[in-house]
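*Asks:* Pasting a structure here, questions to come.
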Amino acid sequence: MNHYKTFLSLHHAPTPLLLGNSWDAGSAKLLAQNGFKAIATSSAAVAQSYGYEDGEKMPFELLLQTVKRIQQNIALPLSVDMEHGFSNTTEGIVENIQQLHQLGVVGINLEDSVQQKLEPAETFAKRMEIVANKLMQKNIPLFINARTDAFLLQQPDALQTTLQRIQLYQTTGVNGIFVPFIKQEQDIAAVTAATTLPVNILPVPGLPNIEQLTVLGVKRISLGSSLYNAFKRTTTNTIQSIMEQQTFEALF
């Protein structure tokens, strides 16, 4: 079974796919060595590791270099967070996807918000349909995860907005639906009931455990930037301990 077929099958397993989001080859190797069955990138973590802010502020070429190094150091399916596609045109997005596919990438995320605002649902749905059709025409098998950001942006009608967008997006040829920052059980249940596509969520404070999420119908849980943020917190605490105590015990 090739990596694409493996990645696809992991979204239809009895328990959710736990997807490890990395920011460089080293973090990807750690995730692979500790039981993760698939690896992804986190756009925020990759950008911040290079000193950029999230939101397509880093050059796409730098993302390609990072993906290449990760791919050379793991033997697992790899998915890439493409944010909004790193292009203002559908043609540009497809070209960028092709470059990632040539490196061995088997999945991508594309999101329906720009600069902290939801774009019109019809606009995003049309883009996803064109992207999916173009990839099919080019015989490029790729898991397209359509991310919808009403909960992330704390919209007052987040659930209803999400459900309406899912109805549009699931008909475009995408392979999964990603709803970051959803956490209430009743909301998760409503989302998973609204589509036959695998639903992806993120760890946030107050999220039910994996057993509960399995019962609720979740099929994929991405670490997102949470692992990178935990790494930063631990590193910051270590640095502060060295400076305050004037010893090196915190390193060991």
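The numbers here are math on the coordinates, done by the rules we state, and not lab data. Keep in mind it's a predicted model, so treat the numbers as computed, not measured. When we count neighbours, we look across all protein chains shown, and the Cβ atoms used for this are built from the backbone with ideal geometry, even at glycine.
*Asks:* Would you confirm whether or not region 231-238 contains a residue that is closer than 26 Å to residue 38 by Cα and surrounded by 12 or more Cβ atoms within 10 Å (Cβ to Cβ)?
*Replies:* yes
*Asks:* Checking the structure you have, find out if any residue of region 38-55 is surrounded by fewer than 16 Cβ atoms within 10 Å (Cβ to Cβ) and under 29 Å from residue 212 (Cβ atoms).
*Replies:* no
*Asks:* Which of the residues spanning region 209-222 are within 15 Å of residue 81 (Cα to Cα) and crowded, with 21+ Cβ neighbours inside 10 Å?
*Replies:* 220, 222
*Asks:* Follow-up question, since we're still on this one. How many residues are buried (at least 18 other Cβ atoms within 10 Å of the Cβ) and within 20 Å of residue 116 (Cβ to Cβ) if we restrict to region 146-168?
*Replies:* 12
*Asks:* Also, I was wondering about something else. When region 172-201 is examined, which residues are found to be of a type in the set (Val, Ile, Thr) and in contact (Cβ under 8 Å) with a residue 24 or more places away in the chain?
*Replies:* Hits for region 172-201 are 172, 174, 177, 179, 182, 188, 191, 192, 195, 196.
*Asks:* Identify all residues within region 55-79 that are without any contact (Cβ under 8 Å) to a residue 40 or more places away in the chain, out of contact with any strand residue (DSSP E or B) (no Cβ under 8 Å at 6 or more places or on another chain) and on the phi < 0 side of the Ramachandran plot; write none if there are none.
*Replies:* Correct list: 57, 58, 59, 60, 61, 62, 64, 65, 68.
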